[in-house]
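Asker: Pasting a structure here, questions to come.
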Amino acid sequence: MQKCIIKSGNLIFLNRMFVNHFSSLGWFALCLIFCVTANAQTSFSSPDQVAALILKMRTADQHLRKQLTNRTGDRSDEILALREDIGLLDAQHNQTLKVIIAEFGFPGKSKVGMDVTHAFWVLVMHQDEDVELQERVLEWMESEKDTGEVVKRDIAYLADRVAVNRGRCQHYGTQTKYDERQEKWTTFPICDQKKMKKLRKEMELMPFSTQMKRLQ
């Protein structure tokens, strides 16, 4: 069985899922993407190369997680294996994100463009096994709230994510969970329902009711 490997900033994604699903062109294409990445040494002093790496990481992240769409509550061997692979990928991304921050700095809009900055945020949102990393990025994002370097609503989502991961209530109501008993999506505890509407507006979030309707 082959696993995800990171060496000198190069990411190789060759794991069990490619063996089990090799007939899928999507998996094969994804394998090729990361094999190509692994053959080229990433220069962390180059914004273009860092941006390309972050985008490829997001591609892998989203490709795996989209396999879970509409599979809430599914306990099949296929889904359990997929969740394991997601965990492996997140662990490898964790190391790469830390290298990027250490050698390149936080990738704000002026360095890599807003799409890449958002992609970086997506990857950090999925680092639930490393809340300290999420907190470091959140601190940076909050310091750039009014500079245009980051997306305001991304700050709100990450702030809520950190709060939930630390066992605290959330301020913006962005973090949700599926209640299997009620067969519907609900939110993790919210600090102040009355203040939430104002806070969401300040962070350019859609109305809470709209958010919940889209989930059902």
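The values are calculated or read from the model by the stated rules, or taken from the named source; none is laboratory data. Remember, predicted model here, so these are calculated numbers, not experimental data. Ideal geometry is used to build each Cβ from the backbone, glycine not excepted, and the neighbour counts take in all protein chains shown. Just so you know, the surface numbers come from the protein's heavy atoms only, side chains and all, with ligands and any DNA or RNA stripped out. Shrake-Rupley method; radii C 1.70, N 1.55, O 1.52, S 1.80 Å.
Asker: Filter segment 157-172 down to residues that are more than 17 Å from E202 (Cβ to Cβ) and either part of a loop (DSSP other than H, G, I, E, B) or open to solvent by 80 Å² or more (accessible area, probe 1.4 Å) (or both), then give me how many there are.
Answerer: Looking only at segment 157-172, we keep the residues that are more than 17 Å from E202 (Cβ to Cβ), and these are 161-162, 164-169.
Now narrow it down to the ones that are either part of a loop (DSSP other than H, G, I, E, B) or open to solvent by 80 Å² or more (accessible area, probe 1.4 Å) (or both): 166-169.
So the count comes out to 4.
Asker: Within segment 173-216, how many residues turn out to be part of a strand (DSSP E or B) and not basic (K, R)? Walk me through it before giving the result.
Answerer: Here is the first cut: in segment 173-216, the residues part of a strand (DSSP E or B) are 176-179, 184-187, 190.
Filter once more, keeping what is not basic (K, R): 176, 178-179, 185-187, 190.
Going through segment 173-216 one residue at a time, the tally reaches 7.
Asker: Across segment 187-205, what is the number of residues that are over 15 Å from A159 (Cβ atoms) and surrounded by 12 or more Cβ atoms within 10 Å (Cβ to Cβ)?
Answerer: Selection size over segment 187-205: 1.
Asker: Regarding segment 86-95, can at least one residue be identified that is free of Cβ contacts under 8 Å to residues at least 40 places away in the same chain, within 22 Å of E142 (Cα to Cα), buried (at least 19 other Cβ atoms within 10 Å of the Cβ) and within 14 Å of the chain's Cα centre (by Cα)?
Answerer: no
Asker: Kindly establish whether G148 is modelled with pLDDT of 95 or more, small (G, A, S) and farther than 25 Å from H93 by Cβ. Don't jump to the end; show me each part of the working.
Answerer: Working: modelled with pLDDT of 95 or more: yes; small (G, A, S): yes; farther than 25 Å from H93 by Cβ: yes.
Answer is yes for this residue.
Asker: Enumerate the helices (runs of 4 or more DSSP H) found wholly within segment 98-156, keeping only those where 2 or more residues are over 14 Å from the mean Cα position of the chain (by Cα) and more than 28 Å from R83 (Cβ to Cβ).
Answerer: Qualifying helices (runs of 4 or more DSSP H): 109-112, 131-143.
Asker: Hey, Q175 hits all of (1) surrounded by fewer than 18 Cβ atoms within 10 Å (Cβ to Cβ); (2) under 25 Å from M114 (Cα atoms); (3) touching a strand residue (DSSP E or B) at 6+ places or on another chain (Cβ under 9 Å) but one; which does it fall short on?
Answerer: All conditions pass for Q175, except number (1).
Asker: Could you tell me which numbered condition G73 fails, if it satisfies all but one of (1) surrounded by fewer than 17 Cβ atoms within 10 Å (Cβ to Cβ); (2) modelled with pLDDT under 95; (3) on the phi < 0 side of the Ramachandran plot; (4) not acidic (D, E)?
Answerer: The one condition G73 does not meet is (3).
Asker: Test of understanding: among R83, R161, which residue is free of Cβ contacts under 8 Å to residues at least 24 places away in the same chain, among the basic types (K, R) and closer than 19 Å to D61 by Cα? Spell out the reasoning first.
Answerer: Details: R161 fails: free of Cβ contacts under 8 Å to residues at least 24 places away in the same chain.
Result: R83 is the single residue among R83, R161 that is free of Cβ contacts under 8 Å to residues at least 24 places away in the same chain, among the basic types (K, R) and closer than 19 Å to D61 by Cα.
Conditions (1) of a type in the set (V, I, T); (2) over 30 Å from S43 (Cα atoms), marked per residue:
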| position | (1), (2) |
| --- | --- |
| Q67 | no, yes |
| N94 | no, no |
| F106 | no, no |
| V122 | yes, no |
| W140 | no, no |
| E149 | no, no |
| G167 | no, yes |
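Asker: I've got another one for you. Between a first residue in segment 199-210 that is closer than 16 Å to T187 by Cα and of a type outside the set (D, E, K, R) and a second residue that is open to solvent by less than 60 Å² (accessible area, probe 1.4 Å) and in a helix (DSSP H, G or I), which pairs have beta carbons less than 6 Å apart while being 6 or more apart in sequence or on different chains?
Answerer: Correct list of pairs: L205/A156.
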